[in-house]
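*Asks:* This structure is in structure tokens; I'll ask about it shortly.
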Amino acid sequence: MRITAIKGFSDILPEAVEPWQFVEGKARQVFSSYNFSEIRIPILEKTELFSRSIGETTDIVEKEMYTFTDRDGSMLTLRPEGTAGVVRAYVESEMYKTEPVRKLYYMGPMFRRERPQKGRMRQFHQIGAEALGRADPFIDAEMLLMLRDFFAAVGLDGATLELNSLGCAECRPRYREKLLAFLRQKEHLLCANCRRRMERNPLRVLDCKEPGCIEATREAPSILESLCAECRDHFDLVKRLLAETNVAYVLNSRLVRGLDYYSRTTFEWTSDQLGSQNTVAAGGRYDGLVEELGGPSIPGVGFAIGIERLTLLLREKETNQPAGPSVYVVWVGTPARDWAFGAVNRLRRQGLVVEMEGEAKSLKSQMRRADKLKARSVLIVGDDELQKGRAVLRDMASKQQAEIAFDNIEAELLSRKAN
Ligand SMILES: [Zn+2]
Ligand SMILES: [Zn+2]
């Protein structure tokens with residue numbers, strides 16, 4: 001019987017991998033220019049890390065995590081997001097003792113047991129960045145600028161930035177009470193899910209996508225009107241910095257995060273290019289998380305970009321066909337094969353992409369294969385060529401061919417690659 005992949009887990013086949021490498025490469029490039037360094041964290045963590053950082057009452061922890069008991073009885077979870085692991089590593093390695101300000105980025109798979117649908121997999125991939133140790137609004141603005149630059153670098157246009165502030169430990173509880181009082185009056189109009197979690201996590205009701213809940217909370221009090229003076233000043237400066245650097249945004253006071261540790265600046269970049277409004281990147285400030293995970297009181301701000309959705313958006317725009325090999329070496333006869341094997345190796349070490357056959361095939365069938373692989377040049381060697389010390393070099397686009405001395409092959413191919 002044939003074994004298939006697990007539902008919600010998919011392969012990224014060679015034909016589809018090019019946009020992934022492109023997006024990852026641009027992230028490394030742009031993030032480095034903002035002085036972010038890469039961190040690689042494990043895929044598997046203790047379950048407690050996520051229940052503590054993401055919050056027991058969130059959908060993720062309640063029903064979406066891949067959690068299992070290890071052979072020694074400990075509870076482990078496949079990471080559903082990256083921030084918790086990065087902060088755990090920051091605290092565990094005591095990075096803050098040598099240099100509290102750390103700008104880190106990561107990329108890789110995340111896991112949630114969701115209902116699979118278009119662009120939403122159980123193993124999905126994110127590129128994320130976290131800036132730890134800075135409470136000032138300049139770093140909030142810097143991260144948004146970095147995202148703007150990243151989207152420009154990959155060629156994604158038309159993404160909208162939605163912005164909100166979630167207040168702090170001082171002003172958010174006051175807002176929470178105000179919102180709860182409002183929700184209690186509307187309770188009969190809310191969906192079962194919202195009624196259930198309303199008392200414990202009233203902000204999540206604003207995030208509910210049920211039309212009844214959206215309608216019932218249309219007149220809900222805005223968190224932006226409940227901010228304390230410090231939170232208001234912080235948010236005003238973020239907005240001013242964005243305006244000064246030409247980053248357009250819309251305020252959305254319904255933008256609340258499912259994760260409990262978020263505070264102050266929170267944001268989402270959305271795109272409507274796939275029909276409905278889709279989130280491409282989301283993030284915000286989480287000033288309480290480092291302490292929550294056993295570290296000192298150190299602020300943080302971060303975001304994550306969904307790679308599946310981003311590559312889907314880029315694919316709608318254009319498809320970059322992966323380039324074929326620079327050179328395909330065609331050989332006829334055993335002596336030519338042995339010469340070709342050495343030549344291919346030398347050319348590869350010069351950075352050229354080179355291919356040849358291992359088994360004897362006709363000249364015609366090798367030429368067909370070169371064509372199929374989209375090789376740019378073909379080098380043909382047989383007994384005659386070996387004797388003359390010259391090969392035939394054919395340009396596949398122009399169909400022109402000429403004899404070339406063995407000694408000149410490397411230089412000629414390298415100059416063609418440069419053009
Ligand atoms: Zn506040
Ligand atoms: Zn609801």
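Laboratory data are not the source of any read-out in this text; all were calculated from the coordinates shown. Being a predicted model, the structure only gives us computed values, none of them experimental. In this analysis, Cβ positions are derived from the backbone assuming ideal geometry, glycine residues included, and neighbour counts consider all displayed protein chains.
*Asks:* Which of the trypsin sites (Lys or Arg not before Pro) across segment 217-281 are loop residues per DSSP, with 10 or fewer other Cβ within 10 Å?
*Replies:* Arg218
*Asks:* Relative contact order of segment 160-257, please, whole-number percent, based on alpha carbon pairs below 8 angstrom and at least 6 residues apart.
*Replies:* 49 percent
*Asks:* Moving to a separate point now. Considering only C-alpha atoms, what is the centroid distance from segment 267-291 to segment 126-177, in Å?
*Replies:* 8 Å
*Asks:* Among Ile307, Ile3, Ile214, which comes first, second and so on when ranked by fewest other beta-carbon atoms within 10 Å?
*Replies:* Details: Ile307 23, Ile3 4, Ile214 13.
Fewest-to-most Cβ neighbours within 10 Å comes out as Ile3, Ile214, Ile307.
*Asks:* Place a +1 charge on the Cβ of each Lys and Arg in the chain and a -1 charge on the Cβ of each Asp and Glu, then give the dipole magnitude about the Cα centre in debye, rounded to the nearest 20.
*Replies:* The calculated dipole for the chain is roughly 960 debye.
*Asks:* Can you give the angle from 0 to 90° between the axis of helix 409-418 and the longest principal axis of the chain, with both taken from C-alpha atoms, to the nearest 10?
*Replies:* Rounded to the nearest ten degrees, it is 30.
*Asks:* In whole Å, what three semi-axes, largest first, describe the equivalent ellipsoid of segment 110-257 built from its Cα gyration tensor (square root of 5 times each eigenvalue)? Each step should come with its number before you reach the end.
*Replies:* Values: eigenvalues 163, 108, 41 Å².
In descending order the semi-axes read 29, 23, 14 Å.
*Asks:* Moving on to the next point. So, in Å, what gap is there between the alpha-carbon centers of segment 200-241 and segment 344-419?
*Replies:* 64 Å
*Asks:* Right, something else. For segment 327-414, what is the per residue volume of the convex hull drawn over the alpha-carbon atoms, in cubic angstrom? Could the numbers behind the result be given before it?
*Replies:* Details: hull volume 7.5 nm³, N = 88.
Residue-normalised Cα hull volume stands at 86 Å³.
*Asks:* So what J values fall out for segment 213-230 if you push phi through Karplus, 6.51 cos²θ - 1.76 cosθ + 1.60 with θ = phi - 60°, rounded to Hz, Gly and Pro as x?
*Replies:* Listing the rounded values in order: 6, 4, 5, 5, 9, 4, 9, 4, x, 8, 5, 5, 8, 10, 5, 6, 4, 5 Hz.
*Asks:* For segment 327-414, give the magnitude of the charge dipole about the Cα centre (Cβ charges: +1 Lys/Arg, -1 Asp/Glu; no others), in debye to the nearest 20.
*Replies:* Details: 15 positive and 13 negative charges, 82 e Å.
Roughly 400 debye, rounded to the nearest 20.
*Asks:* Let me ask something additional. If I fit a long axis through the Cα atoms of helix 17-33 and take the longest principal axis of the Cα atoms of the chain, what angle between them do I get, 0 to 90°, rounded to 10?
*Replies:* Compared with the principal axis, the helix lies near 60 degrees.
*Asks:* Who wins for biggest fluctuation among Phe36, Phe341, Phe124 in a Gaussian network model of the chain, springs between alpha carbons below 10 Å?
*Replies:* Among Phe36, Phe341, Phe124, the largest mean-square fluctuation in the Gaussian network model of the chain belongs to Phe341.
*Asks:* Using only helices, what value at 222 nm comes out for the chain when you add -39,500 (n - 2.57) per DSSP H run of length 4 or more and divide by the total residues, to the nearest 500 deg cm²/dmol? Present the calculation step by step, with values, prior to reporting the outcome.
*Replies:* Numbers: 15 runs with 157 residues, N = 419.
The per-residue figure over the chain is -11000 deg cm²/dmol.
*Asks:* Now, a different point. Hey, can you grab everything whose amide H is under 5 Å from the amide H of Ser10? Only 5+ residues off in sequence or another chain; H modelled, so Pro and N-termini drop out.
*Replies:* Gln123
*Asks:* Shifting gears a bit: Please determine, in degrees from 0 to 90 and to the nearest 10, the orientation of helix 172-186 with respect to the longest principal axis defined by the Cα atoms of the chain, where the helix direction is its Cα long axis.
*Replies:* The angle comes out at about 80 degrees.
*Asks:* Computed over the Cα atoms, what is the radius of gyration of segment 267-419 divided by 2.2 N^0.38 Å, N being its residue count? Don't skip to the end; give the middle numbers.
*Replies:* Values: Rg = 25.7 Å, N = 153, 2.2 N^0.38 = 14.9 Å.
The reported ratio for this selection is 1.73.
*Asks:* Determine the gain in length on full extension of the stretch Asp207-Lys361; use 0.36 nm per residue of separation and subtract their C-alpha separation, reporting nm with one decimal.
*Replies:* Working: separation 154, 0.36 × 154 = 55.44 nm, distance 6.31 nm.
Gain on stretching Asp207 to Lys361: 49.1 nm.
*Asks:* Within 10 Å of each candidate Cβ there may be at most 14 other Cβ atoms; applying that plus a DSSP loop requirement, which GluC sites (Glu not before Pro) in segment 147-188 survive? Show your work: numbers first, answer last.
*Replies:* On the way: sites: Glu162, Glu170, Glu177, Glu187; in loops: Glu170.
Passing both the DSSP loop test and the Cβ count: Glu170.
*Asks:* How long are the semi-axes of the equivalent ellipsoid of the chain, taking √(5λ) for every eigenvalue λ of the Cα gyration tensor, in whole Å from largest down?
*Replies:* Details: eigenvalues 581, 104, 90 Å².
Each semi-axis is √(5λ); the values are 54, 23, 21 Å.
*Asks:* Then there is this: What lysines sit close enough to Lys399 to cross-link, taking a C-alpha to C-alpha distance under 19 Å and skipping anything fewer than 8 places away on the same chain?
*Replies:* Lys364, Lys372, Lys374, Lys417
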